[in-house]
Each structure stands twice: as structure tokens, then as C-alpha cells.
Amino acid sequence: IITDAIQIGNPKFAKHLNLEIGWTDKLKKHFPESSFNVIQGSNDERANLWNKLKTIIIADIDTALNDHRLKILEDKRLNKFDCIVIDSVDKFLLRKEISQEFLSSIKPKILWATSAILDRNIHRELNNFLDPSVKIERVQIRSKESIQHEAPTFIVNEFWCDADENQVSEFKTAL
């Protein structure tokens with residue numbers, strides 16, 4: 001799963017707020033038996049995580065693209081993925097040259113690409129970069145109006161941050 005950094009999730013916040021914030025939180029709730037790696041850390045740590053055998057691997061867009069460019073994520077490993085989910089494909093495509101190199105080298109059996117942007121041509125732009133064997137043939141577009149009856153009236157997207165030393169000091173001074 002390649003997604004926007006904020007969509008990876010944060011178990012600490014998810015537990016504190018009692019809601020699912022991102023992919024890791026949803027996976028823990030709905031598939032507690034599945035194992036996954038979140039790709040982060042130093043170059044060596046990331047290389048190790050990419051090569052560990054886990055059911056699911058989650059990385060933010062910049063990490064995946066940079067690791068592929070730096071050969072931390074090698075083509076031979078990339079080609080072992082049965083399914084690749086590119087979440088926020090619109091943001092992925094903004095990184096033209098680096099994403100083109102990455103997209104042309106993937107060959108999963110299943111490719112899912114999601115976008116919050118309603119663009120009926122985004123799959124064509126994506127197909128321009130993909131290997132001919134991995135073209136997206138079927139597209140499903142859902143507008144806000146089409147899911148309005150399913151969607152909650154309010155969507156809370158609350159994130160808690162810990163204060164650093166200076167902020168705590170300022171807060172105490174203000175009190």
C-alpha cells in the first residue's frame with residue numbers, strides 16, 4: 001500500500017480517540033491476524049523492512065518513490081507483490097519523472113489506484129506510465145452525491161500533538 005503519509009495511521013492517536021485514522025488502524029481493527037510492515041527509518045532499516053516477508057507493506061508516497069530511485073526497493077522485490085494499492089494516485093502522479101520510473105517497473109497481478117480527485121481521465125494518465133501488461137481497464141467513480149446517504153453528517157478528523165519543551169514552558173508561563 002502506497003499512500004499519503006497522513007493516511008498511514010497512528011495507533012497511539014487511534015487508541016486515544018477510539019477511531020481508525022489510517023490504513024494501519026483499519027488493518028488492526030478488521031484484520032488483526034494479518035501482519036504488516038510500515039516502511040520508515042534509516043536507509044538500512046527501510047531496506048530490511050522492504051525485504052521482510054510480511055503479508056502487507058505500507059509506505060508513504062515519498063518513501064516508496066525515493067527508495068525505488070535509490071535502489072533500496074529493487075525491481076526484483078517490487079515485482080514480487082501480487083497486489084499494489086496506490087492510494088491518493090493524484091498526489092503520486094504529481095511527482096512526474098520519479099513516479100514514471102516507478103510505475104513503469106511494477107507488474108502486480110492486481111493494481112488498485114484511488115483518488116479523492118474526481119477526474120475521469122486520471123486512469124488514462126496513470127496508464128501512460130504503466131507497463132502494457134498492467135493497464136487499468138475498469139474504473140469506478142463515486143461522487144460525493146452518490147455516497148451521501150452512506151456518509152455520516154460530520155466527519156471528525158482530529159489529530160492530537162504533544163507539545164515540545166518550549167511550548168510547555170510558554171503554556172506554563174501563560175497560565
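The values are calculated or read from the model by the stated rules, or taken from the named source; none is laboratory data. For clarity, every value in this text was computed on a predicted model and none was experimentally measured. For neighbour counting, all protein chains shown are included, and Cβ atoms are generated from backbone atoms with ideal geometry for every residue, glycine included. Protein only, heavy atoms only, side chains kept; ligands, DNA and RNA dropped before computing areas. Shrake-Rupley method; radii C 1.70, N 1.55, O 1.52, S 1.80 Å.
Ligands, DNA and RNA are left out, and with a 1.4 angstrom probe the accessible area of the chain is 70 Å² per residue. Rounded to the nearest 20, the Cβ-based charge dipole of segment 101-175 about its Cα centre (Lys and Arg +1, Asp and Glu -1) stands at 640 debye. Only helices enter the 222 nm calculation for the chain: every DSSP H run of n ≥ 4 contributes -39,500 (n - 2.57), and dividing by all residues gives -11000 deg cm²/dmol, rounded to 500.
Could you tell me what percent of the accessible area of segment 98-175 is made up of carbon and sulfur, with a 1.4 Å probe and every protein chain present?
That share works out to 51 percent.
Quick one: net charge of residue 117's neighbours, Cβ under 10 Å, K/R +1, D/E -1? Charge balance in the 10 Å sphere: -1. Just so you know, the Rg over Rh for the chain is 1.02, from Cα atoms, with Rh as the Kirkwood radius.
Radius of gyration over Kirkwood radius for segment 41-124, both on Cα atoms: the Rg/Rh ratio is 0.96.
Between residue 164 and residue 62, the simple label model (points 7 Å from Cα in the Cβ direction) yields a spacing of 1.6 nm. Counting Lys and Arg as +1 and Asp and Glu as -1 over every other residue whose Cβ lies under 12 Å from the Cβ of residue 37, the net charge comes to +2.
Once a ≥ b ≥ c are taken as the square roots of the eigenvalues of the Cα gyration tensor of segment 98-171, is the result rounded (a/c under 1.5), prolate (a/b larger than b/c) or oblate (a/b not larger than b/c)? Since a/c reaches 1.5 but b/c is at least a/b, the shape of segment 98-171 is classed as oblate. Considering only 31, 70, 173, the residue lying farthest towards the positive end of the dipole of the chain is 31, judged by Cα position with unit charges set on Cβ. Length gained on full extension, residue 145 to residue 117, computed as 0.36 nm times the residue gap minus the Cα-Cα distance: 8.7 nm. Between residue 83 and residue 131, the modelled labels are 2.0 nm apart [label points 7 Å from Cα along Cα→Cβ]. Summarising the amide proton neighbourhood of residue 57: residues at separation of 5 or more, or on other chains, whose placed amide H is nearer than 5 Å comprise 37. For the chain, find the longest principal axis of its Cα atoms and tell me its angle to the long axis of helix 96-105, 0 to 90°, nearest 10. Around 60 degrees separate the two axes.
The heavy atoms of residue 16 offer some 120 square angstrom of accessible surface to a 1.4 angstrom probe.
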